[in-house]
Amino acid sequence: MMQVLSFAFQRAVLALGVFLLAAGAAQAAYKAPPKPEMPEKGDYWLGEEVYKEICFSCHGLKGDGKGPNWKASYPRPQVFTSPLMKRMTDEYVFAVVKYGKMNVLKEKMNGFKLKLSRPTAMPSFGEVLEDAQIRKLIAWERGFTTGKQPNDPEMKEIFEAACIQCHGKTGLGNGERPVGSQDPNKPFVSEIQPPPMNYHLKEQMERFDDKFLFWLIKVGRIDVSEQVNYNYMQAYGHVLKDEEIWGVVRYVREAFINGKPRTKK
Ligand code: HEC
Ligand code: HEC
């Protein structure tokens with residue numbers, strides 16, 4: 001009974017919140033109702049404040065991944081203006097900020113569930129690939145970015161056997177697993193989160209040096225941080241309220257991913 005009551009109470013508070021938000025929106029004459037690709041939750045302006053207080057130091061005021069501290073982090077911070085970000089769901093972004101990326105990859109999210117999929121960390125291949133093969137594979141993959149791919153039948157074979165189910169036949173990050181049941185003709189949101197890398201995106205591949213990629217492929221995304229000590233996105237759930245995190249999700253989505261920052265009148 002208590003639970004039913006408190007649920008009803010929460011609903012009422014929510015409804016009131018929506019009403020107040022709507023009233024606020026009308027007053028400030030914000031344009032248009034949110035588009036479907038935008039998060040339903042989250043206050044843009046609150047999100048902007050949080051972003052400019054915390055996130056900008058690594059991810060940059062322009063969302064280009066080059067804030068004042070960007071060089072202190074390996075791999076470099078995520079580039080929010082990159083097309084890769086369109087494949088990330090709002091729930092994933094929320095979870096990464098609240099629980100930290102490692103906990104999300106290990107599904108330690110205190111009961112929070114991603115709607116679209118289970119998180120999938122980049123796997124390890126140290127048991128099936130020699131170190132020399134990993135190095136050659138990195139050079140071969142970097143060829144997608146530069147357009148100058150070494151003619152290396154062995155790497156092509158390894159890539160097709162081990163990598164394309166996630167990274168796609170031509171390294172676009174659109175393999176069977178991330179595309180899943182989605183219409184291939186529409187822009188897709190990856191069914192595995194985080195979305196597998198699209199090697200054609202220069203701004204993404206520049207976030208990594210060869211040493212990081214070597215260890216990533218050898219031991220996988222979780223152990224590259226836990227055993228080899230590379231960085232990952234930390235948790236902010238202890239400093240930020242859910243409301244502030246949803247705000248920042250909305251701000252990042254609109255201002256950087258969609259490239260449409262709002263202007264205050
Ligand atoms: C100390 C630097 C730092 C700060 C501050 C920081 N981040 Fe990050 N963030 C990173 C790094 C590094 C990555 C890349 C992690 C990776 O590639 O595994 C990242 C990745 C992300 C991602 C993408 C996750 C993925 O799988 O690529 C999101 C979303 C994100 N950060 C949001 C935020 C938000 C929102 C804030 C502010 C509340 C913030 N970050 C503050 C360093 C930071
Ligand atoms: C089960 C799916 C899956 C398979 C199979 C897979 N990857 Fe990945 N890969 C990912 C995901 C997911 C990411 C994004 C990692 C992140 O953001 O934490 C990634 C990222 C990468 C990156 C970019 C670095 C980064 O942190 O984003 C490289 C390089 C890479 N993978 C290489 C490979 C190679 C080489 C193979 C085959 C030997 C392979 N991957 C197989 C899922 C996969």
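Throughout, read-outs are computed from the coordinates displayed, never taken from laboratory work. Predicted, not measured: the structure shown is a model, and the values here were computed from it. Neighbour counts are summed over all protein chains in view; Cβ atoms, including those assigned to glycine, are modelled from backbone coordinates with ideal geometry.
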- Item | Shape call, segment 131-226: gyration tensor on alpha carbons, a/c limit 1.5 | prolate
- Please go through the residue pairs Lys62/Lys113; Lys156/Lys186; Lys86/Lys169; Lys86/Lys148; Lys41/Lys218 and name each one whose alpha carbons sit more than 32 Å apart in this structure. Lys41/Lys218
- What are the aspartates and glutamates whose alpha-carbon lies under 17 Å from the alpha-carbon of Lys98, with same-chain residues fewer than 8 places away excluded? Asp43, Glu48, Glu49, Glu53, Asp90, Glu107, Asp242, Glu243, Glu244
- Two-site label geometry, Leu116 and Lys41: point separation in nm, points 7 Å out along Cα→Cβ: 1.7
- Once phi is turned into ³J(HN,Hα) by the Karplus curve 6.51 cos²θ - 1.76 cosθ + 1.60 with θ = phi - 60°, what whole-Hz value does each residue of segment 122-128 show in order, with x for glycine and proline? 3, x, 9, 10, x, 7, 10
- Note on the structure: For Gln193, other-chain or 5+-apart residues with amide H closer than 5 Å (H placed, Pro excluded) are Thr120
- Query: Counting Lys +1, Arg +1, Asp -1, Glu -1, what net charge surrounds Asp64 among other residues with beta carbon under 12 Å of its beta carbon?
  - Reply: +2
- Reach of Lys71 by Cα under 13 Å, taken over aspartates and glutamates that are not fewer than 8 positions away in the same chain: Glu206, Asp209
- Task: Figure the gain on full extension for Glu107 and Lys186 (residue separation times 0.36 nm, minus the Cα-Cα span) and round it to one decimal in nm.
- Result: 25.6 nm
